[in-house]
There are 2 protein chains.
Amino acid sequence: MTTSPSPSCSTSLDETLAVLLARFGARAVLNRTVREQHSHGEGVPVSGMPDIVVFPENNEEVAAILALCNANGVPVTPFGAGSSLEGQVAALAGGVSLDMARFDHVLAISPEAMDCRVQAGVTREALNAHLRGSGLFFPVDPGADATIGGMASTRASGTNAVRYGTMRENILGLTVVTPQGDIVRTGSRARKSSAGLDLTHLYVGSEGTLGVITEIQLRLHGVPDQISAAVCQFPDLASAIGTVVASLQSGVRPARIELLDAAQMRACILYSKLDYAQAPALFLEFHGTPAAVAEEIALMRDIADEYGGTAFDFASSPEERSRLWKARHNSYHAVMALGSGRSIMGTDACVPISELADCLLETAADIEETGLVAPIVGHVGDGNFHLGILFDPADADEAARAEGLAFRTARRALAHGGTCSGEHGIGSHKMVHMEAEHGEGVRLMERIKRALDPAGIMNPGKMYPGLAGSGR
Amino acid sequence: MTTSPSPSCSTSLDETLAVLLARFGARAVLNRTVREQHSHGEGVPVSGMPDIVVFPENNEEVAAILALCNANGVPVTPFGAGSSLEGQVAALAGGVSLDMARFDHVLAISPEAMDCRVQAGVTREALNAHLRGSGLFFPVDPGADATIGGMASTRASGTNAVRYGTMRENILGLTVVTPQGDIVRTGSRARKSSAGLDLTHLYVGSEGTLGVITEIQLRLHGVPDQISAAVCQFPDLASAIGTVVASLQSGVRPARIELLDAAQMRACILYSKLDYAQAPALFLEFHGTPAAVAEEIALMRDIADEYGGTAFDFASSPEERSRLWKARHNSYHAVMALGSGRSIMGTDACVPISELADCLLETAADIEETGLVAPIVGHVGDGNFHLGILFDPADADEAARAEGLAFRTARRALAHGGTCSGEHGIGSHKMVHMEAEHGEGVRLMERIKRALDPAGIMNPGKMYPGLAGSGR
């Protein structure tokens, strides 16, 4: 789906573009290639060309751009690393793509408070490189080297969330710029607060629809004394899931507990040259003091043994550990390589851990029935799993079967008390599930959206099904 | 401060009362004593008499009451256990006090998912009694036997938050009834979600100003294998705080780490017959496997030793442990007893842990200068501490000095990057700090309030300084 800006309000648009070009010079770009790069994210075939790409450098510039666009009714779509998966960065109604790449400063680090303040365009890898040697790290790890601002906007998580929480738990406060051009600081540096409405957590996950996140106050965590990573393989999916559920219920708090089904293992073995069986696997990592890690591993080994798991194959060096997690993070590309030119449609079901086995096994049966190749990989400690459904967009039947499988996977998560989106957000692609998941809550979200962005300039066409027709 | 309902709109009010009396019979109460009981909480001398107290029993009844009041412009103030400390339950503009006492059912418990769903009137002690034998417990513990609905509404926390988080981290979803009478389910049972605006965390901490929380989906935690409680005393406040900060930075994750200054210890020793010195103390509790607890205690002992702490005095039995925490929880009553008839004004500063020593020591010096008795007790693992300022309301000078000390303590927390309210909320008493803490963010909160409660019926006179004159 590609939409073009409607021709209405073109005078306002032209005026806006002229002002932006005059003020931002080389940082306001009309070049088609650059606009094309900013017309889409990854994952779903949703795109929309912005009329201009602007690269602001500070809060005041963002405020000026937003106030101008708000006055002229010109849409604004914030853009981070472009790694979002549900169409979030597509400029569906044209207008301005606000590229936050120049917001790349780490503003403050406090080892004593174990927090830091970063600009929105800092990527998680850049932040962790910056923190090297401080004894601290930032754990949220969605795989892609996303920007912290983008991760805040989509309420991202990833492999470490089972122990360290998601962006929601790791953000103490924000600076946001409202569509009216006000610069607002939310939250504080305190670990907790009950002072008024929680604006911070309203903006976290709002996908650029309420304003622009420009700075983020983050919790940091101490680098653990001991890190141990291991792989354990299972005769079938049910045994792997049983091990996960039983270990979490026994109080094991792994830092990572990732499930890869046989199809995903096959893809990773081929792509990353891994020496494992083409059978379901858990990729595990334990963090803590040596005694605590040893205790958790012993407990988990006993449980895995009961479920017919293989002996734990430990990564013997930091390099081997990196290789293991790189292979895990490359699972998307591994599936892509498997597909010989096909596209991937992702899913993002997340359910209570008690429902994980049923939901996952029903989904595996559904994949089987469709005849599609759809490897499963999941942050199963959170009850979150993804399919990478391979399909040929040019083959209408196959594309429809892929859409059907993705749709049913999302709805199955809802039927099991879960959510259609554990960590990727809604964007435009998952709007179809909003009513089913939230019911009347969607109307409340829309009222909040209208209250904070009455002109509807912020990332139109996303998240709110009742406002889908709005925008310019 | 006591306000009475204004005489305007009395026809609408009379009609509303008549409809409520007809529908709810004995569950709609005009009796002055009952209304008086519902006119105030604890802690601050803020009260406002409701015109009627209604005891609904299900979501539909709450919806009917709210829709009626919304149509007639009659204020509604939700009421839980009445233990809030900042004037939250005072019916400042009269109208309906909505007593949630009959919402006392635990609706579901899932040991597998480690969650439960409760009605808003269930108290935390009732919930934990219900969970006994399940191997699970609900950790959030604000001292008072508050209702879960009230704790959600004020974003409460307490002694366990340093390890288990506050209400914010332990709520997965809610049922809320909007002022218009819509029954809305927010969140899901999944541990994480990025599906749309985070309505759950917008309502958590909204203090009944956006609607009524009627059901709460809660995370539960496994009862730890080992629980060890101990007391350690210090030559001065600075040494006690130094121990807290150093141990947290070393990765110790105590379940409780409570600071009591010498004045508070004196009060507790007298009130609870404790056998300790009148010197600053840390009350500690460690949860985990036996090995992990032993490791944490050893680490913390070494640190306390460096700061001149006494040997750890361990509670040798569960009974002794209960006695210790009962004494801690009775610290408010202990201060009350010390005051021989005086009132207590509380404060609720919360700062980043790196600022705790400076903020606390500056505050101790400020207390000294005022000449007031104001024992300090704190959830210092979160950077949160309270003064219990004793004052005689009839002594205008002393009351003014108490207000001055409380005001400066809140503002000092802001100057240290913290919040005026770690866990008690804003109510009416802390509205004076909202602009200083949130700046332009207050305007965003007010826009959200107006969007969700355009008639302004929900708990008027609280939280939003710009709307303070509104209500009936």
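Each reported figure results from applying straightforward, stated rules to the coordinates on display, with no laboratory input. Quick caveat, the model's predicted, so the values are computed rather than measured. Reconstructed Cβ throughout: ideal geometry from the backbone, glycine too, with neighbour counts over all protein chains shown.
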Query raised in the report: Which trypsin sites (Lys or Arg not before Pro) does segment B:2-103 hold that lie in a coil by DSSP with at most 15 other beta carbons within 10 Å?
Result: B:R102
Query raised in the report: Looking at segment A:118-159, which trypsin sites (Lys or Arg not before Pro) are in a loop (DSSP not H, G, I, E or B) and have at most 15 other Cβ atoms within 10 Å?
Result: A:R132
Query raised in the report: So for A:K430, B:K273, fewest C-beta neighbours within 10 Å to most, what's the order?
Result: B:K273, A:K430
Query - Residue order, fewest to most beta carbons within 10 Å, for A:H105, A:H38, B:H221 - result: A:H105, B:H221, A:H38
Requested in this report: Can you tell me what the convex hull of the Cα atoms of the protein assembly as shown projects to on average, as an area in nm²?
Outcome: 37.7
Requested in this report: In nm to one decimal, list the spacings between the A:A18 label point and its equivalents in the other copies, with label points set 7 Å along Cα to Cβ, shortest first.
Outcome: 6.5
Query raised in the report: Over the protein assembly as shown, what is the percentage of antiparallel beta bridges among all DSSP beta bridges, to the nearest 5?
Result: 85
Query raised in the report: A:F407 label points, 7 Å along Cα→Cβ, one per copy: pairwise distances from this copy to the rest in nm, shortest first?
Result: 6.2
Query raised in the report: Considering the dipole of segment B:69-199 built from charges on the beta carbon (Lys and Arg +1, Asp and Glu -1) around the Cα centre, which of B:S84, B:A161, B:S194 is farthest to its positive end?
Result: B:S194
Report summary line: Output for chain A (equivalent-ellipsoid semi-axes, sqrt of 5λ from the C-alpha gyration tensor, Å, descending) is 38, 26, 20
Query raised in the report: Size of the dipole of chain B about the Cα centre, Lys and Arg at +1 and Asp and Glu at -1 on the beta carbon, nothing else charged, in debye to 20?
Result: 1120
Requested in this report: Before anything else, pin down the relative contact order of chain B: Cα pairs under 8 Å, at least 6 apart, normalised by residue count, whole percent.
Outcome: 16
Report task. Before anything else, pin down the relative contact order of segment B:174-220: Cα pairs under 8 Å, at least 6 apart, normalised by residue count, whole percent. Result -> 51
Query raised in the report: Hey, for B:D305 with labels 7 Å out along Cα-Cβ, what do the inter-copy distances come to in nm, ordered shortest first?
Result: 3.7
Query raised in the report: What value does segment B:106-222 have for Rg/Rh, both radii from Cα atoms and Rh as Kirkwood defines it?
Result: 0.94
Report task. Pull out a ≥ b ≥ c, the square roots of the eigenvalues of the alpha-carbon gyration tensor of segment B:355-442, then state rounded if a/c is under 1.5, prolate if not and a/b is larger than b/c, and oblate in the remaining case. Result -> oblate
Query raised in the report: Counting only other chains, what is the mean number of Cβ atoms within 10 angstrom of the Cβ of each residue in peptide B:178-184?
Result: 3
**Report entry** Share, in percent, of DSSP beta bridges within segment B:2-101 that are antiparallel, nearest 5
**Finding:** 20
Query raised in the report: Averaged over B:408-419, how many beta carbons belonging to a partner chain fall within 10 Å of each residue's beta carbon?
Result: 3
Query raised in the report: Modelled label-to-label distance, B:A129 and A:H130, 7 Å Cα→beta-carbon offset: nm?
Result: 5.2
**Report entry** Rounded to 5, the percent of DSSP beta bridges in chain A classed as antiparallel
**Finding:** 85
Query raised in the report: Could you state the number of Å between the C-alpha centres of segment A:43-75 and segment A:264-316?
Result: 45
Report task. Going by C-beta contacts inside 10 Å, put B:I297, A:I213 in order with the fewest on the left. Result -> B:I297, A:I213
Query raised in the report: Gain in length, B:E435 to B:R27, computed as 0.36 nm per residue apart minus the alpha-carbon separation, to one decimal in nm?
Result: 142.9 nm
